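Any read-out appearing in this document is the output of simple, stated calculations on the displayed coordinates, not a laboratory observation. Keep in mind that what you see is a predicted model, and the values were worked out from it rather than measured. Every residue, glycine as well, gets a Cβ built from its backbone with ideal geometry; the counts of neighbours run over all protein chains shown.
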Protein chains: 2
Amino acid sequence: MSESDPGFVAALEEAKAGFAEGGVPIGACLVSRDGSILGRGHNMRIQKGSATLHAEISALENTGRLPANAYEGATMYTSLSPCEMCSGACILYKVKRVVVGENKTFVGGEEHLRRKGIEVVVLENEECKALMARFIAEKPNVW
Amino acid sequence: MSESDPGFVAALEEAKAGFAEGGVPIGACLVSRDGSILGRGHNMRIQKGSATLHAEISALENTGRLPANAYEGATMYTSLSPCEMCSGACILYKVKRVVVGENKTFVGGEEHLRRKGIEVVVLENEECKALMARFIAEKPNVW
C-alpha cells in the first residue's frame, strides 16, 4: 500500500476536487480485490448541505449497490482517518483494508476497524495534511 | 422510553411507508432532547438503489446539517437494531440514546454504541418484528 496506488491517487484527486468546490477536502475511493476502482467520491457536506455524505459514504453511494462478494477483499482509500460512521460503513461492507492518507488532523474509528479485523494502513501523506491545514485555516468555522 | 413515544411511532410509520413502497421496512426518527422531531426517514436501498441510505442515515440526512449542540441529548429511534454504519452515525453525532424497535431479526452495533457511552433501549416491539418477518418471507433474496 503506497501513495502511488491508483486508489490513493483517486482519493487524493477527489479531496482536491472537494477543495476546488469550496467543500471539505476529503476524498475516498473503493478498490476491488483485483485492483479495479469500484467507486470514488468526496465529502459533500457543504455542496449538498449533507449530514451524511462524507467521502467514504459518497464513494460507497457512487459505487452503487453491489453483491456482497464484490466487497470481499476490497480496500477503501480515504484521504483522512474515517469517522465512526464511515468506519462503520467499511465494517458493514466487510472491506478487507482501509488505507488512510493521514490521521494527524483527525483520528476516527481506526481502533474499531482493527477490532473488527480490518487492516488499517496510515500513509501520513503530506498533501492530505496540507490540504486539510489550508482548509481549516481558511474556514475554521466550517471544520 | 416506550412504544407510545412520538419518536417511536414515527419510526414505525416510516418502516411501514418503506414496506408500502416495496422497500426494506426499516424506519428511524431523530428526536431532540426537548422531545421535538428533528427528522425522520426510512431505508431507501431498493427505492433509490442506495448502498448507504439506511433508515438512520435517511433520518439524519432529512434532518439536515444542524449545529453540534442540536444533537446533544437527542434520541435516535429505529425500528431495527442499527448496523455498524448507522451505529457509527449515532456516535458521530453524539446522540444520547438509541431506542431500538427490535433486535431479534438482526443485531447491529449495539455493543459499540454502549462502549461509546450511548444508552441503548430495546423495545422488542411485535409490529417491528412482524414487518421484517413478512418482508423476509416475501423477498428472501433482497434481505
For B:A130, which inter-copy label distances result when the label point lies 7 Å beyond Cα on the Cα-to-Cβ vector, reported in nm to one decimal and in ascending order?
6.3
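Kirkwood Rh and Cα-based Rg: tell me the resulting Rg over Rh for the range B:1-84, rounded to two decimals. Before the final figure, lay out each step's value.
Working: Rg = 12.1 Å, Rh = 12.5 Å.
Ratio value, two decimals: 0.97.
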Nonlocal amide H pairs with A:V122, under 5 Å, H built at 1.01 Å:
A:V100
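Kirkwood Rh, chain B, all Cα pairs: how many Å?
Working: mean 1/r = 0.0689 Å⁻¹.
Result for chain B, one decimal place: 14.5 Å.
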In nm², what is the average projected area of the convex hull enclosing the Cα atoms of the protein assembly as shown?
13.6
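Take the cross-link list A:K16/A:K48; A:K48/B:K96; A:K116/B:K116; A:K94/B:K16; B:K104/B:K129; A:K48/B:K48 and give me the ones stretching past 19 Å between alpha-carbons. Don't skip to the end; give the middle numbers.
Values: A:K16/A:K48 17 Å; A:K48/B:K96 26 Å; A:K116/B:K116 16 Å; A:K94/B:K16 29 Å; B:K104/B:K129 7 Å; A:K48/B:K48 17 Å.
Violating the 19 Å Cα-Cα cut-off are A:K48/B:K96; A:K94/B:K16.
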Alpha-carbon gyration tensor eigenvalues x 5, square-rooted, for the range A:42-90, Å:
20, 13, 9
What are the nm distances, shortest first, from B:G64 to its equivalents in the other copies, labels at 7 Å along Cα→Cβ?
3.2
Label geometry 7 Å along the beta-carbon vector: B:Q47 inter-copy distances in nm
2.4
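Quick check on the exposure proxy: order A:V99, A:V121 from fewest to most C-beta atoms within 10 angstrom. Walk me through the intermediate numbers first.
Working: A:V99 25, A:V121 14.
With the fewest neighbours first, A:V99, A:V121 line up as A:V121, A:V99.
What does the highest-first list of A:18-31, B:107-120 look like by mean Cβ count within 10 Å?
By packing density, highest mean first, the sequence is A:18-31, B:107-120.
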